[in-house]
Amino acid sequence: MKTYAVCPISNKRVNERVARLNGFFTVSLVILFLFTRLWFVPAFLAIDFLMRSISLSKFSPMGFLSRNILKLLSVEKSLINAGPKIFAARIGFGMSSSILIASLTGFNLLALVLGSILGVFSFMEAAFGFCVACEIYPYLYQLLYKRKQQ
């Protein structure tokens, strides 16, 4: 009998509070982009998400800032599985890259719509600890991997 995980599983652990603070910073930067349409905001987000998605999170500027703020405030760690957060960072990388490309090529409405979606996803992570990527993963898994097995 085959069993499948409904969310990516990793042998690594991450601090959930850092992830939520990263979500807050992402929301803040997305709002900045939505009002200013400065291309370097999604460029920064894409680089930061890329670093977090390929296990270079210790070099991520937002991760560095979040870890140090929590350390300064003496907030206790809350370790969770890193798999969902790595997958979410990959989704964030794709979305922020798409926002950057849309913005640079003059598809401003698309950039605003994608930015709004990224902002809502990040807000849900920051405010409620709700990982939208975990809800998307089973469908993506079924679409991409189940088809290959047939």
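So what is the diffusion coefficient of the stretch 65-132 in µm² per second by Stokes-Einstein at 25 °C and 0.890 mPa s, using a Kirkwood Rh over Cα pairs?
Numbers: Rh = 13.7 Å.
Once the numbers are plugged in, D ends up at 179 µm²/s.
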*Grab the other residues whose beta carbon is less than 12 angstrom from that of residue 64, score K and R as +1, D and E as -1, and report the net.*
+3
*Order by neighbour count: 93, 40, 35, fewest other Cβ atoms within 10 Å first, most last.*
35, 40, 93
*Can you give the convex hull volume of the alpha carbon atoms of the stretch 8-91 per residue, in Å³?*
85
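Relative to the Cα centre, what is the charge dipole magnitude of the chain, using +1 at the beta carbon of each Lys and Arg, -1 at the beta carbon of each Asp and Glu, and rounding to the nearest 20 debye? Display every interim value, and only then the final one.
Details: 16 positive and 5 negative charges, 106 e Å.
In debye, rounded to 20, the chain gives about 500.
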*If you plug each phi of the stretch 40-50 into the Karplus form 6.51 cos²θ - 1.76 cosθ + 1.60 with θ = phi - 60°, what whole-Hz ³J(HN,Hα) values come out, in order, with x for Gly and Pro?*
6, 5, x, 5, 4, 4, 4, 5, 5, 4, 4
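What FRET efficiency would be calculated for the residue pair residue 69, residue 9, taking the C-beta separation as r and a Förster radius of 25 Å, to the nearest 0.05? Could the numbers behind the result be given before it?
Working: r = 28 Å, r/R0 = 1.14.
So, using R0 = 25 Å, E works out to roughly 0.30.
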_Over 10 Å intervals from 0, what percent of Cα-Cα pairs in the chain sits in each interval?_
11, 40, 32, 14, 2, 0
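Each value in this text was obtained by applying a stated rule to the coordinates, not by laboratory testing. Only a predicted model underlies this, so the values are computations on that prediction, with no experimental measurement involved. Please note: Cβ atoms are built from the backbone with ideal geometry, for glycine as well, and neighbour counts cover all protein chains shown.
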